[in-house]
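I have placed the structure first, in the form of structure tokens, so that the comments after it can refer back to it.
The values are calculated or read from the model by the stated rules, or taken from the named source; none is laboratory data. Everything numeric here is computed off the predicted structure, so don't read it as measured data. A quick note on method: Cβ atoms are made from the backbone with ideal geometry, for glycine too, and the neighbour counts reach across all protein chains shown.
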Amino acid sequence: MTTAPPGWYADPGAAYDASLPADALRWWDGSAWTEHTHAPTPPDAAARLAASGTAFAPVLVAPGSAAAPASVTTETAATDETAVTAVTDVTAERNPFSRYALIFGIATIAAAALVAVNPLAGLVAVIAGVLALLFGILGIVRSVRTRTGRASSGWGTVLGPVGVILAGIVWIVAIIALTPNLGFPGMDYAQPLPEAAERQIMRELETAATADPSVPYPDTVECPDTNEVQFLCTIHYLDGSTNVAVVSQTPSGLLWQPAELGEVGEK
């Protein structure tokens, strides 16, 4: 004798018990009927499941055939792709501050590089740097909720202050390079003629005294305030002696010649 496999089957007691629905199901364990029963899905419940995209379909078969209720969730790939694309687009538009922060950060660096050409670029760099920092902070705060734009916001907060500092450094270097008489070693400034002669004579006398100890070391050089092509400068040495240098202005630069010690200006 062949026994039906375990499963849900039409309840044989429904034909004799009026309290059971005509389409009631009972569990067959493979050898006997059990006390477990299963009522069919009500129409209103089936409607709700269909609206949610889930379909529950009990299979009613005669004993001797394998059957079991099945639950199937139906979703289309097109719907998923459309929904994901829409969510991504909306999320990307939720953090515009990150884009503004990056734009103003790059503008700050560009303006800082132009300070040497136009000092007004320094003001532009400061304004752009403040805006980059402001939008960067707002973008970082917004990215906590939207999960987008954190990298761009971070770059904006970095490039803004760095650009302002760079603009300040370029401005200071330009001022030093264009302002005479600051006394920085190794830098040649456009100076008035007497001051240029004093510095040149002093530098060359110090070089000569360093190379030859027998040459007196200079203390100061004084030249008159004049625009003449040729003039005299007074040289004071550390040993108390003085001398006179004849300075001539030529197209190739300044030329000077000291008088011999003991002949002119010796104390």
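Among the numbered conditions (1) more than 18 Å from Leu193 (Cβ to Cβ); (2) surrounded by 13 or more Cβ atoms within 10 Å (Cβ to Cβ), tell me where Thr207 comes up short.
Single failed check for Thr207: (2).
Where in segment 212-254 are the strands (runs of 3 or more DSSP E), entirely inside, with at least 1 residues that are of a type in the set (A, V, I, L, M) and over 55 Å from the mean Cα position of the chain (by Cα)?
230-237, 242-250
Report yes if Ile169 is under 30 Å from Gly129 (Cα atoms) and either modelled with pLDDT of 85 or more or not in a loop (DSSP other than H, G, I, E, B) (or both), otherwise no.
Here the answer is yes, as Ile169 does meet what is asked.
Go through Val229, Val215 for me and flag whichever is surrounded by fewer than 16 Cβ atoms within 10 Å (Cβ to Cβ), modelled with pLDDT under 90 and touching a strand residue (DSSP E or B) at 6+ places or on another chain (Cβ under 7 Å).
Being surrounded by fewer than 16 Cβ atoms within 10 Å (Cβ to Cβ), modelled with pLDDT under 90 and touching a strand residue (DSSP E or B) at 6+ places or on another chain (Cβ under 7 Å) holds for just one of Val229, Val215, which is Val229.
Using the structure shown, decide if Gly265 is at pLDDT below 85, assigned to a loop (DSSP other than H, G, I, E, B) and over 30 Å from Ala174 (Cβ atoms).
yes
Show the residue pairs that are 6+ apart or on different chains and have beta-carbon atoms under 9 Å apart, the first residue being within segment 231-244 and in contact (Cβ under 8 Å) with a residue 12 or more places away in the chain, the second being part of a strand (DSSP E or B) and aromatic (Phe, Trp, Tyr).
Listed by first residue and then by second, the contacts come to Cys233/Trp256; Asn243/Tyr237.
Out of segment 106-151, which residues are more than 23 Å from Arg94 (Cβ to Cβ) and touching a Ser or Thr at 6+ places or on another chain (Cβ under 7 Å)?
Passing the criteria: Ala125, Ala128, Gly129.
Please return the ranges of helices (runs of 4 or more DSSP H) entirely within segment 1-119 where 2 or more residues are at pLDDT 55 or above and either outside the structural domain of Arg145 (by TED's automatic domain parsing) or within 54 Å of the chain's Cα centre (by Cα) (or both).
Qualifying helices (runs of 4 or more DSSP H): 43-52, 97-113.
I'd like to verify a number: residues in segment 131-166 that are surrounded by fewer than 21 Cβ atoms within 10 Å (Cβ to Cβ), within 21 Å of Ala113 (Cβ to Cβ) and either modelled with pLDDT under 90 or among the hydrophobic types (A, V, I, L, M, F, W, C) (or both), how many?
Result for segment 131-166: 6.
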